[in-house]
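Following: one structure in structure tokens, then a few remarks.
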Amino acid sequence: MKELILGTWLAVEAYYDLKYKEIPLWLSLVGSVIGLLFCVQEERAIGQMILAFIPGIIALGFSWVTKELMGYGDGIILFILGCYMSFARVLSIGMLAFGLAGIVALILLVVFHKKGSYRMPFIPFLGVAYWSEYIISLGKI
């Protein structure tokens, strides 16, 4: 159930990121409240949660240092993912998303001659990475 709620929430966030190049604050708040409720229900240790927030904190720091080369919304979504899953899984999904984004960026640069300053939304890549790992995990049952 948690996985489907998270996947649906990520899909809606990705839609807003693709269509409007920003994500609504209310939707992020809803996602974080639901994630925190799952943490309480699962009785996750505070240390585990703090560790799972590290990729989001690093992404937010990167956004600040680079003056939003990567948007704050992307870091917020990575941070919220820490409510739903472990550090290793957040890191895995984040790395897969960065890899996918890199491949698409390379294609846009080489094939479609986009400039290096072209801005791509990142949350759709997080959604694809999440759903890919989720579907693969179904085969391991």
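For region 123-137, backbone phi angles converted through the Karplus equation (6.51, -1.76, 1.60; θ = phi - 60°) give residue-by-residue couplings of 4, x, 5, 4, x, 5, 5, 4, 5, 4, 5, 5, 5, 4, 5 Hz, Gly and Pro being listed as x.
Rounded to the nearest 0.05, the FRET efficiency derived from the C-beta distance between A105 and L36 at R0 = 30 Å is 0.35. A helix-only calculation puts the chain at -26500 deg cm²/dmol for mean residue ellipticity at 222 nm, using -39500 (n - 2.57) for each DSSP H run of at least four residues, averaged over all residues. Each label was represented as a point 7 Å from its Cα along the Cα-to-Cβ direction; for S86 and K140 these points are 0.9 nm apart. Across the chain, the relative contact order, built from alpha-carbon pairs under 8 Å that are at least six residues apart, equals 30 percent.
Can you pull the percent of the chain's accessible area that's carbon plus sulfur, 1.4 Å probe, other chains left in place?
The computed percentage sits at 74.
Less than 12 Å from a label point 7 Å out along the Cα-to-Cβ axis of M1: which backbone N atoms in region 14-53 qualify, by residue? Only 38, 41-42 fall inside the zone, counting backbone N under 12 Å. Protection proxy ranking, highest mean first, for peptides 2-14, 103-115: 2-14, 103-115, where packing is the per-residue count of other beta-carbon atoms within 10 Å, averaged.
Accessible surface for the chain, divided over its residues, is 60 Å² per residue with a 1.4 Å probe.
Only one of (1) 0.93; (2) 1.08; (3) 0.97 was calculated from the structure for Rg/Rh (Cα atoms, Kirkwood Rh), and its label is (3).
The values are calculated or read from the model by the stated rules, or taken from the named source; none is laboratory data. Values in this document were obtained by computation on a predicted structure and should not be read as measured data. Heads up, the Cβs are rebuilt from the backbone with ideal geometry, glycines too, and the neighbour counts pull from every protein chain shown. Accessible surface is based on the protein model in full, side chains and every heavy atom, while ligands, DNA and RNA are left aside. Shrake-Rupley method; radii C 1.70, N 1.55, O 1.52, S 1.80 Å.
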